[in-house]
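Structure record follows, encoded as C-alpha cells.
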Amino acid sequence: MTVTSVAIADLAARLDEAAVTGTPIPQLAADHGIDVDTAYHVQQALVDRRLARGEHLVGAKMGLTSRAKMAQVGVEEPILGQLTDTTVVPDGGTADIGGLIHPRVEPEIAFLLDRAPTPGTPFTDAVRAVAPALEVIDSRYANFTFSLPDVIADNTSAALFTVGAWRPVPDGVDNLGVLLEIDGRTVQTGSTAAILGDPRRALAAGVALAGRHGPALRAGWIFLAGAATAAVPLAPGAQVRATVQGLGTASFTTTGGAS
Ligand code: 0L1
Ligand code: MG
C-alpha cells in the first residue's frame, strides 16, 4: 500500500495530539500499511509539528539498543529518535510528568558530539564528552504496546531526559556499572555493555540510521546511546538518580500527574 503524504501528516497529527493531551491511542501502523521507512517519515512529520511550535532540536536518541528490548518488540536492530529543547530536564531539577500517559525511566549514557559524525568517523573524533543520563519514555499507544513501525513513528517513545555533568571521554565506555535509584532504593543495576555490547556501537548505528532516514547528526548535539537496564514506571514525587561508574550521576525529582 502506498501511504500518501496526507496520510503521513494525519498519523503525525494523531500522535502529536496524543502527546499534547496525554491521551493514549490505538496502534496505527498495521491498519495504515506503515513500514519502517514510512514510519520515519511519520516521525519527521511529528517532529516538524513541534518545531513549527517553536521547539528546537538538541540531539538524537537511540532506542531498543538492548537485546532484552529488541526481543520484547521482536526486532534485530535499534531505532533512532529526535530530542527537542522542551524535553530537557536540568540535572538535579524537576521533571513534570503530569501530562504524560504512562512514563517510565531508564538510565543511559550520553555523548556530546564534537562534529557531525559520518560513517567511519572515529568515536574519539566524533565525541567531545560523555555523561550519565536519565531518559523518561512514554509511549503514546495504549498499554505501552506497539509494533516496530509504531514506535518509530512515535519518535521512539521520547518524552523527557536529563544529562549529568559532562566529562572527557574515558578510555573505555563499554563495561561501566550502572545503577538506577528511586527514593534512595536501587531499582535496577546493569552495565553499559547492555547497550549493543558497547555504547560506541550505538553511535555508529545512529550515524547509519540517520544516513538512511535523517536528519543527519549535528555538531553540538546530545546523543543518548540507549538504556543500560529495563525501564521502570515513574510516579510523581519520586527522586530518581542514575549513576554510571566513573562518570557520576544524573538526577531529577518528578512532579505532577495522578498519584
Ligand atoms: O529509549 C528506548 O529504548 C525506548 C524505545 C522504544 C521502546 C520503548 O518505548 O520501550
Ligand atoms: Mg532510552
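The values are calculated or read from the model by the stated rules, or taken from the named source; none is laboratory data. On a predicted model such as this, the values are computed, not experimentally measured, just so you know. Here the Cβ positions follow ideal geometry from the backbone for every residue, glycine too, while neighbour counts run over all protein chains shown. Quick note on the areas: whole protein, heavy atoms, side chains included, nothing else; ligands and nucleic acids left out. Shrake-Rupley method; radii C 1.70, N 1.55, O 1.52, S 1.80 Å.
How big is the dipole moment of the chain about its Cα centre under a simple scheme where the beta carbon of each Lys and Arg is +1, that of each Asp and Glu is -1, and everything else is neutral? Debye, nearest 20, please.
Details: 18 positive and 26 negative charges, 65 e Å.
So the magnitude is around 320 debye.
Run the accessible area of the stretch 152-259 with a 1.4 Å probe and give the carbon-and-sulfur part as a rounded percent.
Ligands and nucleic acids excluded, carbon and sulfur reach 50 percent.
Quick one: net charge around Arg115, please, counting Lys, Arg +1 and Asp, Glu -1 for every other residue with C-beta under 12 Å from its C-beta.
Numbers: positive: Arg128, Arg218; negative: Asp114, Asp125.
With Lys, Arg at +1 and Asp, Glu at -1, the neighbours total 0.
Please compute the net charge surrounding Arg128, taking Lys and Arg as +1 and Asp and Glu as -1 over other residues with Cβ under 15 Å from its Cβ. Don't jump to the answer; show the numbers that get you there.
Working: positive: Arg115, Arg167, Arg200, Arg218; negative: Asp114, Asp125.
So the surrounding residues net to +2.
Give me the distance in nm between label points sitting 7 Å out from Cα along the Cα-to-Cβ direction at Asp31 and Ala235, one decimal.
3.3
Please work out whether the stretch 60-197 counts as rounded, prolate or oblate from its C-alpha gyration tensor, where a ≥ b ≥ c are the square roots of the eigenvalues and a/c under 1.5 means rounded, while otherwise a/b larger than b/c means prolate and anything else oblate? Present the calculation step by step, with values, prior to reporting the outcome.
On the way: a/c = 1.44, a/b = 1.21, b/c = 1.19.
In terms of gyration-tensor shape, rounded.
Once both labels are modelled 7 Å past Cα along the beta-carbon direction, what's the Glu76-Asp10 spacing in nm?
Label-label distance for Glu76 and Asp10, simple model: 3.4 nm.
Normalising by the residue count of the chain, find the relative contact order in percent from Cα pairs under 8 Å and 6+ residues apart.
Computed over the chain, the figure is 27 percent.
Whole Å is fine, so just give me how far the alpha carbon centre of the stretch 12-83 lies from that of the stretch 162-198.
25
Considering amide H positions built from the backbone, and no H for Pro or chain starts, which residues 5 or more places from Lys61, or on another chain, come under 5 Å of its amide H?
Gly81, Gln82, Leu83, Leu224
For the pair Asp174/Thr124, report the inter-label distance in nm, with labels modelled 7 Å from Cα in the Cβ direction.
It is 1.4 nm.
I'd like to check one number: the per residue accessible area of the chain, probe 1.4 Å, reported in Å² as a whole number. Please report the intermediate quantities before stating the final value.
Details: 10830 Å² over 259 residues.
Per residue, the chain has an accessible area of 42 Å².
Compare the Cα positions of Val130, Leu148, Thr2 along the charge dipole of the chain (+1 at Cβ of Lys, Arg; -1 at Cβ of Asp, Glu; about the Cα centre) and return the one farthest towards the positive end.
Val130
In the neighborhood of Pro149, defined by Cβ-to-Cβ distances under 15 Å, what is the net charge if each Lys or Arg adds +1 and each Asp or Glu adds -1? Mind dumping the intermediate values first?
On the way: positive: Arg14, Arg140, Arg212; negative: Asp31, Asp35, Asp37, Glu76, Glu77, Asp150, Asp154.
Taking every other residue near Pro149 into account, the sum is -4.
Tell me, what ³J(HN,Hα) does each residue in the stretch 107-119 have, in order and in whole Hz, if you take phi through Karplus 6.51 cos²θ - 1.76 cosθ + 1.60 with θ = phi - 60° and put x for Gly and Pro?
Karplus values, whole Hz, x for Gly and Pro: x, 9, 10, 10, 10, 9, 7, 8, 8, 6, x, 10, x.
Over the stretch 84-199, what is the mean sequence separation of C-alpha contacts under 8 Å (at least six apart), divided by residue count, expressed as relative contact order in percent?
Values: 177 pairs, mean separation 29.4, N = 116.
It rounds to 25 percent for the stretch 84-199.
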